[in-house]
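Read through the structure below, which is laid out as structure tokens, and then see the notes.
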Amino acid sequence: MTYRSWPILLFALLLIPLSGGAAVAQKRDDGARKHSWECTKKQIEFERTLGALRQYPDAEIRFYLANKAGTKPDYPVCYNRRERLKRDIEIAQWRQSNFPECRAVFREREAKLDRDAKQRGRPRKPIQQQIAEYNEACSHTMAGTL
């Protein structure tokens, strides 16, 4: 080997590990994406088993157009809120009790949604706080409390 070929050899030796590292990182990213998709698919399948969300159509819009601010919500508005909350609670419980391999994916997704909402200036409320607000606002209706 001549003195001139050493730089080429060193350069080639440096490139070999770098190209292998990129391939490993790409495989890891692809695996994480596939795992995330599998978890999402499982959640979609579970939500499908819950059936369609029963609601009064446009109840909130009609109520807010017909009433002043601060008026306690009527039955259709409370019914819609209760049904959405019940579904959110069922999904949260399902996430906690099923598929432990997906819990990290779900936590990461919730954290991202929380960060995005906080950046927009409308932080998300935890389910317990939503339930307390619902119970306070809707205890006077036939929809009842949670």
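The values are calculated or read from the model by the stated rules, or taken from the named source; none is laboratory data. All figures in this text were calculated on a predicted structure; none of them were measured in a lab. Here the Cβ is made from the backbone with ideal geometry for all residues, glycine too, and neighbour counts use every protein chain on show. Calculation scope for accessible area: heavy atoms of the full protein, side chains included, ligands and nucleic acids excluded. Shrake-Rupley method; radii C 1.70, N 1.55, O 1.52, S 1.80 Å.
Mind jotting down a quarter of the surface of the convex hull over the alpha carbons of the range 86-126, in square nanometres, one decimal? List each step's numbers first, then the result.
Details: hull surface 12.1 nm².
Mean shadow area of the hull around the Cα atoms is 3.0 nm².
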Just how far, in whole angstrom, is the range 44-68 from the range 73-139 if you go by their alpha carbon centroids?
15 Å
Distance check, please: which entries in LYS42/LYS112; LYS42/LYS86; LYS42/LYS118; LYS41/LYS86; LYS86/LYS125; LYS41/LYS118 exceed 25 angstrom between their Cα atoms?
LYS42/LYS118; LYS41/LYS118
If you average 1/r over all unlike Cα pairs in the range 47-113 and invert the result, what Kirkwood radius do you get in angstrom?
14.3 Å
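What part of the accessible area of the range 47-146, given as a whole %, is carbon or sulfur when the probe is 1.4 angstrom? Please report the intermediate quantities before stating the final value.
Working: 3810 of 7230 Å².
Using a 1.4 Å probe with all protein chains present, the range 47-146 comes out at 53 percent carbon and sulfur.
If R₀ is 30 angstrom, what is the calculated FRET efficiency for the pair ASN98 and ALA69, using the beta carbon separation as r and rounding to 0.05? Provide the component values of the computation, followed by the final result.
On the way: r = 41 Å, r/R0 = 1.38.
Approximately 0.15, to the nearest 0.05.
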Give the accessible surface of the range 73-146 per residue, rounded to a whole number of Å², with probe radius 1.4 Å and ligands, DNA and RNA excluded.
66 Å²
